[in-house]
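Asker: Dumping the structure here so I can ask a few things about it.
The values are calculated or read from the model by the stated rules, or taken from the named source; none is laboratory data. Note that the structure is predicted; figures quoted are calculated from it, not measured. No Cβ is skipped: glycine too gets one built from the backbone with ideal geometry, and neighbour counts run over all protein chains shown.
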């Protein structure tokens, strides 16, 4: 692991350069364009650089009540969904990792089902059921639909985390007098913690950016940040409103990732995916 | 200080008998080694004593109290695992103190006991270190300290030095033996390394396929192995198949007089009990290889049928490849039906076999 990979001198790493160019083109370039638009007041064709920078559209966007209510709602939804998902999925993941029971494998793979089919079709079918249950346009309706989306991350990654905890560590704790519950709390959970934190983070960020479910189940009463952004982009002639909201939407993921790097450290994400 | 009684313990995994009708009494302060190859059931047996496996049949008592129904956390045993199994999210102090905290001891007493046990295992001042900052040997000392601090009645060591290098293993096993004798703690030590068992044990249990082959003191296991398996597993041994006929063990290369009934048998002779002498003319075999270990030399002798025997000689100087030699066995044993039927403390010099073939060699 400690070895450093080096490219022999005199050889040009063409695949690496090609990969970097493609990545720049499809990720960094659009981000720069959107970021630039957010701080632009005047940018007319055929200029490559905006004629006038400014924060006018930030003031206009941030003074809107619907933006703040959407942001609050998105944060509430993400928090509730992540907590519920953790409460449901972590014990289930532990059971999948440590116990054998009839139908275990089928049940385990069923969590892939939500991601194995075209999502929109699934959402429409669920929406029909929610309509009968009066859940359309409600906070808890959106919570439920977004909960489904987190199941994969919150089951599969913690299962890998629990499975990678050395059974001997748990046995050593039993040996010195810890009950099974105490072993889980004091040994298993801290050992699996960083990877589980990665799963929780992915869940939170994924829920925050989830659009299809929030729009199909939540509309018209529930408008999350991404839904509001799409509305702005579709209905507003001014590009900057959408751009400002896009930049605003990056903030939670940036904070989350910075937080993640501090508490999780390198390798945990990879371990979470069985790496 | 405790006595462990295991009576007729059997462990089945499906149709496989991992441990088969095992019984032993381990007395106060005794160190018993469970020795056997992989799959012999020694670790399963230890895990049953620790409470991590439940016997299918049989009983286990510690100081007269049945413990079979007790979970690991309720048993008066302490286990040291091969993989150390230290908790990497805790430092050394917390690893050792964890069991004491579970017992709700006062903080000052916890600190005092952890410091004392760190001193005992030679890790004074290492309390604040993280486990990954320790060497393999230090990690194993912490694992030992974690068990010892709780003063268990029975200490269980599951191949504790298997992952360490030879020098460290030798040093640590001596330290563990010293600590065990100082504390007079009843100990069961699982190992597949016979030198480890011979050097630390009061008694050795040799296991094979879940069954006991022999329970005896190390010297006895070495000098008078009860079965051909024990003979071959402990130390080096030449095992030669042949047939006893008219008071002589016969092999294609040599015959040895033995006072047993006629029939097939296996002759077992240790390399140090098999001396060589240069043959005048054609001998019983010829030198195949000479290995000089400095303190002694190991001479591989090839018999006419291609089988090879090992002989330990004081020096390598007198011997060279292809040299014709005669064999002079000292102490040897004869086995039949998995039991010793004859032992000779000082062997009668063998005589070279006539040209006819009698039996085969299976060294």
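Asker: I need a count of the residues in region B:99-120 that are more than 14 Å from chain A (Cβ to nearest Cβ) and under 24 Å from residue B:185 (Cα atoms).
Answerer: Qualifying residue count, region B:99-120: 8.
Asker: Taking the condition in the same structural domain as residue A:212 (by TED's automatic domain parsing), in contact with a helix residue (DSSP H, G or I) (Cβ under 7 Å, 6 or more places away or on another chain) and surrounded by fewer than 20 Cβ atoms within 10 Å (Cβ to Cβ), does residue A:144 pass?
Answerer: In short, no.
Asker: Output the residue which, of all residues in region A:154-178 that are more than 10 Å from every other protein chain (Cβ to nearest Cβ) and under 25 Å from residue B:96 (Cβ atoms), is surrounded by the most Cβ atoms within 10 Å (Cβ to Cβ).
Answerer: A:165
Asker: Assuming residue A:55 fulfils every condition listed in (1) exposed (fewer than 14 other Cβ atoms within 10 Å of the Cβ); (2) touching a helix residue (DSSP H, G or I) at 6+ places or on another chain (Cβ under 6 Å); (3) within 30 Å of residue A:222 (Cβ to Cβ) apart from one, which condition is it?
Answerer: Only one criterion in (1) exposed (fewer than 14 other Cβ atoms within 10 Å of the Cβ); (2) touching a helix residue (DSSP H, G or I) at 6+ places or on another chain (Cβ under 6 Å); (3) within 30 Å of residue A:222 (Cβ to Cβ) is unmet by residue A:55, namely (2).
Asker: All but one of (1) in a helix (DSSP H, G or I); (2) more than 13 Å from chain A (Cβ to nearest Cβ); (3) farther than 24 Å from residue B:215 by Cα; (4) touching a strand residue (DSSP E or B) at 6+ places or on another chain (Cβ under 7 Å) hold for residue B:180; state the number of the condition that does not hold.
Answerer: Result: residue B:180 fails condition (3) only.
Asker: Does residue A:143 satisfy the criteria of being within 26 Å of residue A:231 (Cα to Cα) and modelled with pLDDT of 90 or more?
Answerer: It is true that residue A:143 is within 26 Å of residue A:231 (Cα to Cα) and modelled with pLDDT of 90 or more.
Asker: With the condition kept exactly as written, say whether any residue in region A:196-214 is in contact with a helix residue (DSSP H, G or I) (Cβ under 8 Å, 6 or more places away or on another chain), within 30 Å of residue B:100 (Cβ to Cβ) and either within 14 Å of chain B (Cβ to nearest Cβ) or surrounded by fewer than 23 Cβ atoms within 10 Å (Cβ to Cβ) (or both).
Answerer: Scanning region A:196-214, I find at least one residue that is in contact with a helix residue (DSSP H, G or I) (Cβ under 8 Å, 6 or more places away or on another chain), within 30 Å of residue B:100 (Cβ to Cβ) and either within 14 Å of chain B (Cβ to nearest Cβ) or surrounded by fewer than 23 Cβ atoms within 10 Å (Cβ to Cβ) (or both), so the answer is yes.
Asker: Within region B:183-194, does at least one residue satisfy the condition of being within 30 Å of residue B:120 (Cα to Cα), modelled with pLDDT under 90 and surrounded by 17 or more Cβ atoms within 10 Å (Cβ to Cβ)?
Answerer: Scanning region B:183-194, I find at least one residue that is within 30 Å of residue B:120 (Cα to Cα), modelled with pLDDT under 90 and surrounded by 17 or more Cβ atoms within 10 Å (Cβ to Cβ), so the answer is yes.
Asker: Considering each of B:240, B:215, B:204 in turn, give the residue that is part of a strand (DSSP E or B) and assigned by TED's automatic domain parsing to the domain that holds residue B:304.
Answerer: B:240 is the lone residue from the list that is part of a strand (DSSP E or B) and assigned by TED's automatic domain parsing to the domain that holds residue B:304.
Asker: Next up: Is at least one residue of region A:179-187 over 30 Å from residue A:75 (Cα atoms), within 14 Å of chain B (Cβ to nearest Cβ) and not in a helix (DSSP H, G or I)?
Answerer: Within region A:179-187 (the criterion being over 30 Å from residue A:75 (Cα atoms), within 14 Å of chain B (Cβ to nearest Cβ) and not in a helix (DSSP H, G or I)), the answer is yes, since at least one residue qualifies.
Asker: Would you kindly identify the strands (runs of 3 or more DSSP E) lying entirely within region B:278-350 that contain at least 2 residues that are over 21 Å from residue B:222 (Cα atoms)?
Answerer: By residue number, B:285-292, B:297-302, B:324-329.
Asker: At pLDDT 95 or above, in contact with a helix residue (DSSP H, G or I) (Cβ under 6 Å, 6 or more places away or on another chain) and surrounded by 15 or more Cβ atoms within 10 Å (Cβ to Cβ): does that describe residue B:49?
Answerer: Considered against the rule, which asks whether it is at pLDDT 95 or above, in contact with a helix residue (DSSP H, G or I) (Cβ under 6 Å, 6 or more places away or on another chain) and surrounded by 15 or more Cβ atoms within 10 Å (Cβ to Cβ), residue B:49 comes out as no.
Asker: Just name the residue that is farthest from residue B:89 (Cα to Cα) out of those in region B:124-147 that are away from every other protein chain (no Cβ under 11 Å), surrounded by 21 or more Cβ atoms within 10 Å (Cβ to Cβ) and touching a strand residue (DSSP E or B) at 6+ places or on another chain (Cβ under 9 Å).
Answerer: B:144
Asker: Quick one: would you say residue A:137 is away from every other protein chain (no Cβ under 14 Å), more than 18 Å from the chain's Cα centre (by Cα) and outside any helix (DSSP H, G or I)?
Answerer: yes
Asker: Of all residues in region A:80-113, which are touching a residue at least 40 places away in the same chain (Cβ under 8 Å) and not in a helix (DSSP H, G or I)?
Answerer: A:111, A:112
Asker: Could I ask something else about it? Going residue by residue through region A:233-244, is there one that turns out to be under 25 Å from the mean Cα position of the chain (by Cα), at pLDDT below 85, away from every other protein chain (no Cβ under 14 Å) and surrounded by fewer than 20 Cβ atoms within 10 Å (Cβ to Cβ)?
Answerer: yes
Asker: If I ask for residues that are modelled with pLDDT under 90, crowded, with 16+ Cβ neighbours inside 10 Å and under 22 Å from residue B:233 (Cβ atoms), which ones from region B:287-331 would you list?
Answerer: Once the filter is applied, which keeps residues that are modelled with pLDDT under 90, crowded, with 16+ Cβ neighbours inside 10 Å and under 22 Å from residue B:233 (Cβ atoms), region B:287-331 yields B:307, B:329, B:331.
Asker: State yes or no: is residue B:226 touching a residue at least 12 places away in the same chain (Cβ under 8 Å), on the phi < 0 side of the Ramachandran plot and assigned to a loop (DSSP other than H, G, I, E, B)?
Answerer: Against the criterion (touching a residue at least 12 places away in the same chain (Cβ under 8 Å), on the phi < 0 side of the Ramachandran plot and assigned to a loop (DSSP other than H, G, I, E, B)), residue B:226 qualifies.
For every residue, the table says whether it meets (1) over 20 Å from residue A:165 (Cβ atoms); (2) touching a strand residue (DSSP E or B) at 6+ places or on another chain (Cβ under 8 Å); (3) away from chain A (no Cβ under 14 Å).
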| position | (1), (2), (3) |
| --- | --- |
| B:42 | yes, yes, yes |
| B:75 | yes, yes, no |
| B:80 | no, yes, no |
| B:122 | yes, no, yes |
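Asker: Continuing with the same structure: Specify which of the listed residues (A:122, A:77) is surrounded by 13 or more Cβ atoms within 10 Å (Cβ to Cβ), more than 30 Å from residue A:169 (Cβ to Cβ) and modelled with pLDDT under 85.
Answerer: From the options A:122, A:77, the qualifying one is A:122.
To keep it simple, each residue is scored yes or no on (1) outside the structural domain of residue A:240 (by TED's automatic domain parsing); (2) under 26 Å from residue A:200 (Cα atoms); (3) touching a strand residue (DSSP E or B) at 6+ places or on another chain (Cβ under 6 Å).
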site	(1), (2), (3)
A:25	yes, no, no
A:32	yes, no, no
A:41	yes, no, yes
A:46	yes, no, no
A:49	yes, no, no
A:75	no, yes, no
A:79	no, yes, no
A:90	no, yes, no
